[in-house]
Every structure is written in structure tokens, then in C-alpha cells.
Amino acid sequence: MRLFFACWPPPAVAQALARWARAAQRDCGGRATREEAIHLTLAFLGDAEPEAAQAAARQARGEASSFVLTEARFWAHNRIVWVGPEKCPAALAALARNLGEEREFAAHVTLIRKARAPKRLPALPALEWPVMEFLLVNSHLGPEGPSYEVLERFPLP
């Protein structure tokens, strides 16, 4: 299983991000993330046993928080367009660390893959993303892109 921990946005935030991605895609091409697949990865576990991941999640400490999406960028080295907060909230970074993220956590949401450098990205609406839970997810790779299976939800105090 290809497992990861993530946060999913509320439906209204996912809809707004999907609309924004379609507008940005007109300039940079690529493949937009499907609305139902928009998420923020906290820690990628890769090939792992779900039982071990579930046990780790139950031990992880974290707290509910929220962040505002204010930044939209193109990363040329991996050809993605992403959005995220100007500064990663401390609670979110701590949660990612507690879930096993070893690198410095960069809170970002990939919205377009295989993009070319845009001339200019559209204005990003200010969207607040509450983080009230995190999920353990199994990723299935397919010709239409990845699909995700939620294995368990973990509420945050």
C-alpha cells in the first residue's frame, strides 16, 4: 500500500480551488487535480503496513488549526502549480513532524501537474482551510491519475 497522512478541505474550498486550477490551466496547460482529490499531504509513508500507520497516528499529538491560502506558485523543477499559506502554521508543521515527516514541512496543495511556466497565475481568492482532522490514505495510481481510499480519520482536539 502507498500510504500517506493528509488533510482534506471543506467542499466549498475544494470547489474554489478546482475553479482556480481550471483558470490557471488555460495558461500553463498540464493536468489539474480533480476536485475530490484536492488535499494537503502531511507525511508520505510510501509502502507501509496500515496497522503500523494507524498505531503511529493514534500516538501523534496535534491540535485543530486553520490556515489561509494566500500563495500560488509554479515549481519548475517538478512542473507543478501549487497553492499554500504564506507561512506554515506551527500547529500544522508540528502535526506533520509527529506523523513522521522528516523534511522541513512546506504546506502546499498541488493543483496542476505537468505544467509549463505560466506567464501569470490568476489571482487566488483568500480561502481559509480549517484542519479539524487528519486522514490515513491509500493511494492507487492509475492512467487518469491517482485515486485515494481513506482508511481512517483522526479528529484533532
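The values are calculated or read from the model by the stated rules, or taken from the named source; none is laboratory data. Because the structure is predicted, anything quoted here is derived from the model rather than measured. Cβ coordinates were reconstructed from backbone atoms using ideal geometry, including for glycine residues, and neighbour counts include every protein chain displayed. All accessible areas refer to the heavy atoms of the entire protein, side chains included, with ligands and DNA or RNA removed. Shrake-Rupley method; radii C 1.70, N 1.55, O 1.52, S 1.80 Å.
Subtract the Cα-Cα distance of residue 35 and residue 132 from 0.36 nm times their separation in residues, and report this length gain in nm to one decimal.
On the way: separation 97, 0.36 × 97 = 34.92 nm, distance 1.95 nm.
Extra length available between residue 35 and residue 132 comes to 33.0 nm.
A Förster radius of 25 Å, combined with the Cβ-Cβ distance separating residue 70 from residue 44, puts the computed FRET efficiency at roughly 0.55.
Projected onto the charge dipole of the stretch 1-112 (+1 at Lys/Arg Cβ, -1 at Asp/Glu Cβ, origin at the Cα centre), which of 23, 67, 110 gives the Cα projection farthest towards the positive end? So the residue we want is 23.
For the pair residue 22 and residue 144 in one chain, pulling the backbone fully straight at 0.36 nm per residue adds 42.3 nm over the alpha carbon distance. Remark: the chain carries a charge dipole of roughly 860 debye about the Cα centre, counting +1 on each Lys and Arg Cβ and -1 on each Asp and Glu Cβ.
What Kirkwood Rh does the stretch 5-156 have if only Cα atoms enter the pairwise 1/r average? Answer in Å. Before the final figure, lay out each step's value.
On the way: mean 1/r = 0.0627 Å⁻¹.
For the stretch 5-156, the Kirkwood estimate is 16.0 Å.
Axis of helix 50-59 versus longest Cα principal axis of the chain: the two differ by about 80°, to the nearest ten degrees.
Scaled against 2.2 N^0.38 Å for its residue count N, the alpha carbon radius of gyration of the stretch 62-147 is 1.21.
When the Cα positions of 154, 126, 1 are compared along the charge dipole of the chain, 126 comes out farthest toward the positive end, with charges on each C-beta of Lys, Arg, Asp and Glu.
With a 1.4 Å probe and all protein chains left in place, how much of the accessible area of the chain comes from carbon and sulfur atoms, in whole percent? Walk me through the numbers on the way to the answer.
Working: 4350 of 8620 Å².
With neighbouring chains kept in place, the figure for the chain is 50 percent.
Helix 11-28 axis versus longest C-alpha principal axis of the chain: approximately 40°, rounded to the nearest ten.
Using only alpha carbon pairs under 8 Å that are at least six residues apart, calculate the relative contact order of the stretch 1-151 and give it in whole percent. Let's see the in-between values first.
Values: 304 pairs, mean separation 53.7, N = 151.
For the stretch 1-151, the relative contact order is 36 percent.
Accessible surface for the stretch 1-144, divided over its residues, is 54 Å² per residue with a 1.4 Å probe.
With an 8 Å Cα cut-off and a minimum separation of 6 or more residues, compute the relative contact order for the stretch 107-152 in percent. Intermediate values should be presented prior to the final figure.
Values: 24 pairs, mean separation 11.4, N = 46.
Here the relative contact order equals 25 percent.
For the peptides 63-74, 136-147, the ranking by mean Cβ contacts within 10 Å, running from highest to lowest, is 63-74, 136-147.
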